[in-house]
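Written below as structure tokens is the structure these notes are about.
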Amino acid sequence: MFNMRIDIVRKEMERRFREIEEAQDNSGVTEKQAPEFIYFLLTNEITKPFIIDLARYFDKFKMTERYNQIKSVITSSIINLYHLMENAKIVVDGKFDQKFQDHFKSFRNLFNYIDLPKIQERPLSSERFLDGLREIEKHFDRLICDASNLSGIFGNLNSIFQNAKDWNYTYDISKYKAEYDKLDKCIGEMKAYLRTKYQYEGAEATIYLLSIFFKSQYTYLVDLKPEEFGERVANESEESTLWRERNDPNTRKYTKQLYHAVDNYLSTSKSKNALIERLITYCTWIKRDSIKELKGKQKEQKISQIVEEFIFNYGYFPLVNFKMGKSIPDILSVGGIGWQDSVLIELKQCIGKKYPDAQLPKDIGQAQAYLTQVKGVNPDVADVVYLLVFYDGDEGLIYNESDNSPKDVIVEFIYVGDKSPSKLKYRPLTI
């Protein structure tokens, strides 16, 4: 793993992307250039966290409240439709009635991600399809690794009930319509999250390209496994075969999507947050001894120099103690391509003394004032200001955001004392 400046990363990524765009042979793109592109993104600390985060989009969505709400409606509706089939004698003792057995002998294997016996059989028997419906809640999380599975199940259920109507089976059409409408709406929303949204944000492209990467020789050059990128990547990598993808024009399309997603990341708050996270680690573990030994009134200025050096090495160009009207913000760092990349930092330190509760609102207010003045000069300069508070002692500080917390000030307390994190008693601060 190696470190690069953000401007160098952007230039190198663009060079590799152009090679893919200009290549004549799709198989060469798939076998060598696309894996090389992913390898580059995974072997520098600026883009690696973003790629991992994109790949885990599916897993993160499954942890949301909205996912559980949609899941609850879909699974209950499928179970209700199953019971409706039982009441109408479409299904008897867990099997289709004879007329349906003759017509629906098998289904496309929609349950290929769930743990049913001999699940790799193709096609899926009608009995096993009904087994999957009955246990839909148990298998739902794995089932939707492929969003098209939901559409397939929905389509099969609709076909079953339409045939039942034609064959004069009696069922409550109003109940069927109510469950149909709920399923239709929720499956559409689920697909929007699982397909449309992650396609737009670049996660779909990431998963596709990683599945190729882990079938290439480049996988041996990184200490990473498919499962570390989430369930979707693990499944796609297991099922994907490189020969199948060789002449697939989607490789270029997905590379373009990922290129634009990463390029956007490098100039947005996500990249800036990654910069600040690395800065905190740098100050806490690498420069802690240097910071805690600072004496006199120049502590904040010397801490500022450490911060300036770090962000310069990361590819930003710090403007230090620049004057804006009557105010002098601490650090405004400009990225490699323009003002939209800039990072505004306000430094505070309480090394050798206690940080009082009443000080936090004052520091946040000052940071906000600087941000307002900077945006007044140029609205593209910064969307947020990072308030970095360096402290030591025997007490840890935690910033608890509340409904009253300003969204444009990101507060980070950076401990540079002698205690290990497990030995600190933490004091929460909020406004």
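The values are calculated or read from the model by the stated rules, or taken from the named source; none is laboratory data. Just so it is clear, the structure is predicted and the values come from calculations on it, not from any experiment. No Cβ is skipped: glycine too gets one built from the backbone with ideal geometry, and neighbour counts run over all protein chains shown.
Among the residues of segment 58-98, the ones that are surrounded by 14 or more Cβ atoms within 10 Å (Cβ to Cβ), of a type in the set (S, T, N, Q) and free of Cβ contacts under 8 Å to residues at least 60 places away in the same chain come to 1 in all. A single member of Tyr282, Tyr259, Tyr254 is at pLDDT 85 or above, of a type in the set (Phe, Trp, Tyr) and not assigned by TED's automatic domain parsing to the domain that holds Tyr208, and it is Tyr282.
Checking the structure you have, find out if any residue of segment 243-251 is at pLDDT 85 or above and within 26 Å of the chain's Cα centre (by Cα). Checking segment 243-251: at least one residue is at pLDDT 85 or above and within 26 Å of the chain's Cα centre (by Cα).
Pairs meeting the criteria (first residue in segment 4-18 and farther than 15 Å from Phe50 by Cβ, second residue modelled with pLDDT under 85 and surrounded by fewer than 20 Cβ atoms within 10 Å (Cβ to Cβ), beta carbons under 6 Å, at least 6 apart or on different chains) are Asp7/Gly336.
Working only within segment 17-38, note down all residues that are closer than 21 Å to Tyr220 by Cα and either outside the structural domain of Thr206 (by TED's automatic domain parsing) or crowded, with 18+ Cβ neighbours inside 10 Å (or both). Step through it out loud before you land on a result.
Restricting attention to segment 17-38, the residues satisfying the condition of being closer than 21 Å to Tyr220 by Cα are 27-38.
Within segment 17-38, Val29, Thr30, Glu31, Gln33, Ala34, Pro35, Phe37, Ile38 qualify.
Given Leu194, Leu183, Leu221, Leu210, which one is at pLDDT 90 or above, more than 18 Å from Lys89 (Cα to Cα) and under 18 Å from the mean Cα position of the chain (by Cα)?
Working: Leu194 fails: at pLDDT 90 or above; Leu183 fails: under 18 Å from the mean Cα position of the chain (by Cα); Leu221 fails: under 18 Å from the mean Cα position of the chain (by Cα).
Only one candidate passes the filter, namely Leu210.
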